[in-house]
Each structure stands twice: as structure tokens, then as C-alpha cells.
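Novice: Below you'll find the structure I mean.
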Amino acid sequence: MPNIETTEYKEFIKEIKQRIKEVQIKAFLQVNRTLLEFYWELGSKIVQKEKKAYWGSGFLKNMSRDLMLEFPDIKGLSLRNIKYIRQWYLFYSTENQKGQQVVAQLVLIPWGHNLHIVTKCKDINQALFYVKKTIENSWSRAVLKSQIENKLYERTGKALTNFLNTLPNCYVVVELKVVDFEPEFAGKLNFYISAVNGKIRGKRDNPTIGILICKSKNSTIVEYALKDINKPIGVSEYQLSNILPKEFKSSLPSIEEIENELESLDIKNN
């Protein structure tokens, strides 16, 4: 009798389980995409018929009844959901060109997420913000609901406006450390600032600013570490919600990205 408790067998089963999960996710996404593409088509047909046909105010109620009689096992054909489908379509199709462009994004999130966004957002820009964030972060409906209630869109827009209004005409090098401040951090950041000033900074740009964010700082150590550095460097404690909004983390260059940019400039110059 073969030994099925071997490491090789266990790894084989682990691989198959992972593959099954991948297939399940893929199947769900495909089903969701197909369903929402149908909902979009249905919403379009409903709106067009309302414009051209004269079937009275009971049109949607009769439609729901007839479809549910024919397809009793299919969910989503209730009068309430059909009204939501119509509302969803109208919300995004007010600008035809933009409406067609966003369908590809809308079908990537579940119908329940779509409903919550379209019933809570005031305009397409706000709605697409939450659609994009849901896709990027794989938000559950509960997380999405919390973010909308906490006005993430409004806070992000306000923070971005303030950031752009106060940002000087210069390059900003940001380094984020998840440990306490150490004196050598200032020296390394100073090196990167010098490199940006020498390789990237233009004649019309102000001197490059360095921002070092650490888990915690000791003011005395920081003072001595920066004492002989003439370049503008600021050191703050690691309080991301107050100092560096999450939305900016992906838009600000990392140290590695700056290194890559400097290397590419060296190659071009040589």
C-alpha cells in the first residue's frame, strides 16, 4: 500500500487545493461579470422602452412578475432589484461616453457593492472613486460602507488640494521607516537629496526637500544628527493618518524608485 503521508503527497494536495480556490475565484468573477453585463443591458433596454413605448406606470411591476414566473429560481428579478438596475444604469449613463468606459470597472465588483455605491454617492466621480478603491483593496461590503460613511472621498480630495496648494516648486524625497529614528537615517536621506539636486533638479526648481518619517523620534538625537546638514530635512514620528495620508503613499516616489531613476539618468548621460 502506498504511503500517502509523505511530504511529496502533502505538497501535491496543497497545490491542488490552491488551484481549486483559484478556479472558484475565477468562476465567481466570471459569473459576476456576466451577470452585471446583463444587468447593464437590461437597464438600457428598460430606459429605451420607457422613452418609446406607452406601457403605463405598471411596466416594471408586470415585467418583474412575468420574468419571475418564467424563471422562479433566478434571483434578481424582483421589482425592487429591477428598479435598482434601472437606477444603476441611469446613474452612469448620463454621460454616454463615460458610461460606456466605466462598465468594464463596474463588472469587477459584486452587485451588492455597486448598489451601495450608487445609492450613497452624489455623482459619477465620487462613485468611481469607491469603485476603484474597492477593486484595488478588495474591500468587503462592510469596509466599503464604512469608508463611505467616514467620507474617504471628501477627505482625500481636501487633503490632496491642501497638499498641492502648499507644496513648493521642488522635488520631495520621502523615506518611511517602521523603526525608531537612528542618526544614519539622516545621512542617507541627505545623500539622496544631493543626488536629486545634482541629477534631476532643474534650474527653476527650489532645493529638494527631505522628509523622514519614523516610528518614533528623540528630539535631542535628531537635533545632533541634523546639526551639520544644511539641506532642508524634516523628521516626524510615524503617524501615517495625520502626516502622510494613505492615498499619497502610492503616488510619492520610494527610495528604490529614485535610485532607479538616477541609474537611468546615468545611462542616458553616458
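Novice: Going through G112, G56 one at a time, which residue ends up being in contact (Cβ under 8 Å) with a residue 12 or more places away in the chain and either outside the structural domain of W139 (by TED's automatic domain parsing) or not β-branched (V, I, T) (or both)?
Specialist: Details: G56 fails: in contact (Cβ under 8 Å) with a residue 12 or more places away in the chain.
Answer to the selection: G112.
Novice: Could I ask something else about it? Considering only segment 198-205, I want to know if a residue exists there that is assigned to a helix (DSSP H, G or I), farther than 30 Å from F129 by Cα and at pLDDT 75 or above. Before the answer, list the steps.
Specialist: Filtering segment 198-205 down to residues assigned to a helix (DSSP H, G or I) leaves 198-199.
Filter once more, so that each one left must be farther than 30 Å from F129 by Cα: 198-199.
Among the residues that remain, those that are also at pLDDT 75 or above are: 198-199.
Among the residues of segment 198-205, at least one is assigned to a helix (DSSP H, G or I), farther than 30 Å from F129 by Cα and at pLDDT 75 or above, which makes the answer yes.
Novice: Sticking with this structure for a sec: Residues that are within 30 Å of G157 (Cβ to Cβ) and polar (S, T, N, Q): list the helices (runs of 4 or more DSSP H) wholly contained in segment 39-136 that include at least 2 such residues.
Specialist: 96-106, 111-120
Novice: While we're looking at this one, here's another question. Considering only segment 97-117, I want to know if a residue exists there that is loosely packed, with under 13 Cβ neighbours inside 10 Å and within 20 Å of R141 (Cα to Cα). Before you say what the answer is, go through the steps one by one.
Specialist: As a first pass, look at segment 97-117 and keep what is loosely packed, with under 13 Cβ neighbours inside 10 Å: 97, 100-101, 104, 112.
Then drop every residue that is not within 20 Å of R141 (Cα to Cα), which leaves 104, 112.
Yes - at least one qualifying residue is present in segment 97-117.
Novice: Okay, next question. Return the only residue of K10, K83, K26 being of a type in the set (K, R), farther than 20 Å from L108 by Cβ and either surrounded by 13 or more Cβ atoms within 10 Å (Cβ to Cβ) or within 29 Å of the chain's Cα centre (by Cα) (or both). So that I can check it myself, show each step before the final result.
Specialist: Values: K10 fails: either surrounded by 13 or more Cβ atoms within 10 Å (Cβ to Cβ) or within 29 Å of the chain's Cα centre (by Cα) (or both); K26 fails: farther than 20 Å from L108 by Cβ.
None of the other options fit; the residue is K83.
Novice: Here's another thing I want to ask about it. Within the bounds of segment 42-61, is there any residue that is farther than 22 Å from T94 by Cα and charged (D, E, K, R)?
Specialist: yes
The values are calculated or read from the model by the stated rules, or taken from the named source; none is laboratory data. Nothing here was measured: the structure is a model prediction, and the numbers come from that model. Virtual Cβ from ideal backbone geometry, glycine too; neighbours counted across all protein chains shown.
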